[in-house]
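The values are calculated or read from the model by the stated rules, or taken from the named source; none is laboratory data. For clarity, every value in this text was computed on a predicted model and none was experimentally measured. Every residue, glycine as well, gets a Cβ built from its backbone with ideal geometry; the counts of neighbours run over all protein chains shown.
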Amino acid sequence: MTPQTVADIRARLDLSKAEATPPLDLIVGPVALRIHCEAPLRAELAEYFKEARGDAPAPDITLYAIEGQSLSPAPDWQNWAREPGKTGRKDAILDLRDGRLVHKLRTGVTFLQSPDLMVAFGPVTQHANQVVNFVNTQVLNRQQRVGWQICHAAAATRGSRTLAIAGLSGGGKSTSILRMMDLPEVAFMSNDRLLVQATESGTGGGAEALGVPKHPRINPGTILGNPRLHGMLSAERQAELRAMPVEDLWELEEKHDLFISDIYGPGRIRYAAPLTDFWVLNWQRDVEKVTMVEAVDLAKRPDLLGAIMKSPGPFYQSADGIFLSDRETPDPEAYLAALRHVRVQEVTGRVDFDAIAYLGRELFDA
């Protein structure tokens, strides 16, 4: 029988072992989370989220991750269409009366998303990264329900000055933001998802940014181009990569997790800060033009705005209980409103990470 409600799913899952294990509490800016899961996944998540650990006696969000359970018989999954430019099947969904199931086709991990119960189940220990994403999704969902916008951007901050960087996938935003981390007192905020909202005061307006506890996943080219990161690869692997054609190295997909505290030391992560500057990468690898940063009006540049906007995806449920469909797109006007007090600039010319590091130093030192 196909499940119809969250209660139907709850009746098929055993949460008792996860509930009997001491919970894992996180604090991400204004959001407090509690995770219930068993060993060995709990230890892996505790290490991954160590910079966000904190007591949450009254959590805003409670979720579960339980190993090895599945729904039998399997639901009649409906494919979720991917964003333009992406190929292959990734997610499938089943809408319930009061929630949604999201199934990862490549890994077999399934998620129950609802206001009353949030659970990741299946081979979760083998795919801990998907549990990490599920945790972060709950932060994104909660803040979007109260008016924040989700941006496809990385960000770093030095207190009163915060820089977000967006660009097309593979455009170099992660490499760029890590170069900012070479500057003293600059803290990492987010690698790929950033929440923003406008603020108003008697002396004018501003904006706030909120990152999520997701460490950068970087390609070998980023590692080779930054001496701080060379220790992430063996000398033999570095030699192999340096022998590759530059174009092949740029396109190589070989992800490595970079733990900020391991490379940059403790205290170099900050999730919440005022947002002052937003750069959109629109540079090219095959030109000789000097790398430049110039002010733009996002209202007149839908191409740049499109690089910033990010669909919440199949997990998002609005405050009125409605889930998104895969045909819905982000609202440009909401992003323009959220960023109306932020200085937005376009990065053009050739791809040059030394140049962008220099420009970033000028910005943070201003």
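General remarks:
- Check on R142, farther than 30 Å from E38 by Cα and either out of contact with any Asp or Glu (no Cβ under 7 Å at 6 or more places or on another chain) or of a type in the set (K, R) (or both): no
- Some residue of the range 197-213 being out of contact with any helix residue (DSSP H, G or I) (no Cβ under 7 Å at 6 or more places or on another chain), of a type in the set (S, T, N, Q), surrounded by 12 or more Cβ atoms within 10 Å (Cβ to Cβ) and in the same structural domain as L163 (by TED's automatic domain parsing): yes
- Restricting I150, I165, I93 to those that are outside any loop (DSSP other than H, G, I, E, B), of a type outside the set (S, T, Y), over 23 Å from L26 (Cα atoms) and within 14 Å of the chain's Cα centre (by Cα) reduces the list to I165.
- Residues in the range 168-196 that are surrounded by fewer than 24 Cβ atoms within 10 Å (Cβ to Cβ) and on the phi > 0 side of the Ramachandran plot: G170, E185.
- Conditions (1) surrounded by 11 or more Cβ atoms within 10 Å (Cβ to Cβ); (2) more than 30 Å from V28 (Cα to Cα): number failed by E247: (1)
- Complete set of residues in the range 333-360 that are touching a Lys or Arg at 6+ places or on another chain (Cβ under 9 Å) and on the phi < 0 side of the Ramachandran plot: V344, E346, T348, R350, V351, F353, D354, I356, A357, G360
- Test: residue in the range 303-315 that is of a type in the set (D, E), under 30 Å from L96 (Cα atoms) and surrounded by fewer than 19 Cβ atoms within 10 Å (Cβ to Cβ): no
- Take the conditions (1) touching a Lys or Arg at 6+ places or on another chain (Cβ under 8 Å); (2) surrounded by 19 or more Cβ atoms within 10 Å (Cβ to Cβ); R82 misses just one of them, which is (2).
- Inter-residue pairs, beta-carbon under 9 Å, first within 20 Å of V109 (Cα to Cα) and assigned by TED's automatic domain parsing to the domain that holds D116 and in the range 48-66, second of a type in the set (S, T, N, Q) and not in a helix (DSSP H, G or I), 6+ apart: A65/T125
- Any hit, the range 265-273, residues being in the same structural domain as D192 (by TED's automatic domain parsing), closer than 20 Å to A46 by Cβ, crowded, with 18+ Cβ neighbours inside 10 Å and in contact with a helix residue (DSSP H, G or I) (Cβ under 8 Å, 6 or more places away or on another chain): yes
- Residue in the range 322-332 that is under 16 Å from S176 (Cα atoms) and surrounded by 13 or more Cβ atoms within 10 Å (Cβ to Cβ) present: no
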